[in-house]
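These notes concern the structure reproduced below.
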Amino acid sequence: MGDSLVVVYTGARGSGKTLSMAFDISLALRNNVPVWSNIPVSFYWSPDDDTPAKFYQSLPLNMELLYTLDRGVSDGIVAIDEINLWADSWSTQNVAARLLTAVFQQIRKRSLSFYLTTQNFNWINTRIRWQTDLHIACSDISYKYHEMERGAFIHQKLFDMSGIFSGDPFRDDNWNNNNVKERLGFLKPYWKAYNTLNEFDYESVTTKYKVEHETKVIRDGQVFASESNQEVAGKINFMAGVLRGEGIKTISIPEMENYLKSFGVSTDLTHAGWYLKGMGFEYKRSRKGNFYQVNDIPDYENLDEYSPDSKKYSFKEPENT
């Protein structure tokens, strides 16, 4: 993958920081780089009209496997939306924050890069801020130019924090044209690549940990994913195709658990749920019992028109106004 990088996207609510990260995740997936993410990213894409579209999706991020430096999480990208929920500047002593800090110190050995979002750069703890290579401050340009469509064009200011790109690290007293750049991207085509209303797994954010050196696992003394992520994804993808082919529209939680077992998926529904989201299975709550609703998978018919290779809408320097 090249250099292992830590990239932090910042901005207020609705600034386009998660959209910017989803865009970069999409580029990585199209280049066959595995991405583990706590926001499911999925889409169809074809390089030309003559090539059948291929389905791409991120892998679910199991924070416990990340904490324990599981060998299965390597040679790829880890994307964490709202990183401050796990490692904010006020909780540097909690176990989760300390484990994450240890992981960041090992990324070169694992050939891992990290994409992270937070509303404010100072909300994440100092050690992770120190590890940051690139800080991307995002803003929706429609807030300034009201005639433009909300969320379509995202302005980014890039700060080379480590000096890896310019050889001149950005600091408050060292700010120049080499280590601070600007660019503007048309990201509307990537709206459907992820769910902007996606909810975090509450348990993964609030669980408290203690590290027991005799075991590899943190929560309840066990890691529930015995198969590789690729094996789980393949089985669930096959299951999804069968269920759609049978015209099934809703699946109760007990039914879904039985389906997973019958298709040889050994992981539990919590872990499998991340794959299901990316395949169009939407989790619904109901007084009569929670269930999954089977939706169509997002499809990009004209994604290439807006790709980085496109002359029309590639990232470019913003024009002076």
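Details
- Matching residues in segment 1-38 - criterion: being among the polar types (S, T, N, Q), touching a helix residue (DSSP H, G or I) at 6+ places or on another chain (Cβ under 7 Å) and not in a loop (DSSP other than H, G, I, E, B): THR10, SER26, SER37
- The one condition from (1) at pLDDT 80 or above; (2) in a loop (DSSP other than H, G, I, E, B) that PRO254 does not meet is (2).
- Considering segment 24-50, the residues that are under 20 Å from HIS155 (Cα atoms) and crowded, with 23+ Cβ neighbours inside 10 Å include one that is nearest to the chain's Cα centre (by Cα), namely ILE25.
- Note on segment 51-67: among residues that are more than 23 Å from GLU282 (Cβ to Cβ) and hydrophobic (A, V, I, L, M, F, W, C), the one that is surrounded by the most Cβ atoms within 10 Å (Cβ to Cβ) is LEU65.
- Selection count where residues are basic (Lys, Arg) and buried (at least 23 other Cβ atoms within 10 Å of the Cβ), scope segment 6-23: 1
- For the residues TRP191, TRP86, the requirement of being outside any loop (DSSP other than H, G, I, E, B), surrounded by 15 or more Cβ atoms within 10 Å (Cβ to Cβ), in contact (Cβ under 8 Å) with a residue 12 or more places away in the chain and within 19 Å of the chain's Cα centre (by Cα) singles out TRP86.
- Positions within segment 49-76 being part of a helix (DSSP H, G or I) and of a type in the set (A, V, I, L, M), in sequence order: MET63, LEU65, LEU66
- Identity of the residue in segment 252-284, over 26 Å from the mean Cα position of the chain (by Cα) and within 25 Å of SER37 (Cα to Cα), that ends up surrounded by the most Cβ atoms within 10 Å (Cβ to Cβ): TYR259
- Test: residue in segment 39-48 that is closer than 23 Å to ARG127 by Cα, aliphatic (A, V, I, L, M) and either at pLDDT 95 or above or in a loop (DSSP other than H, G, I, E, B) (or both): no
- Filter result (surrounded by fewer than 17 Cβ atoms within 10 Å (Cβ to Cβ), polar (S, T, N, Q) and modelled with pLDDT under 80) within segment 90-128: SER91, THR92, GLN93, ASN94, GLN105, GLN106
- Where LYS210 falls short, out of the listed (1) part of a loop (DSSP other than H, G, I, E, B); (2) modelled with pLDDT of 75 or more; (3) among the basic types (Lys, Arg): (2)
- Selection of first residues in segment 68-80 that are aromatic (Phe, Trp, Tyr) and of second residues that are surrounded by fewer than 21 Cβ atoms within 10 Å (Cβ to Cβ), restricted to Cβ pairs under 8 Å at least 6 apart or on distinct chains, gives an empty result.
- Residue in segment 236-246 that is touching a strand residue (DSSP E or B) at 6+ places or on another chain (Cβ under 6 Å), aliphatic (A, V, I, L, M), at pLDDT 55 or above and part of a helix (DSSP H, G or I) present: no
- Any hit, segment 5-17, residues being farther than 19 Å from TYR190 by Cβ, modelled with pLDDT under 80 and over 16 Å from the mean Cα position of the chain (by Cα): no
The values are calculated or read from the model by the stated rules, or taken from the named source; none is laboratory data. Model, not experiment: these values are computed from the prediction. Positions of Cβ are backbone-derived with ideal geometry, glycine not excepted, and every protein chain shown enters the neighbour counts.
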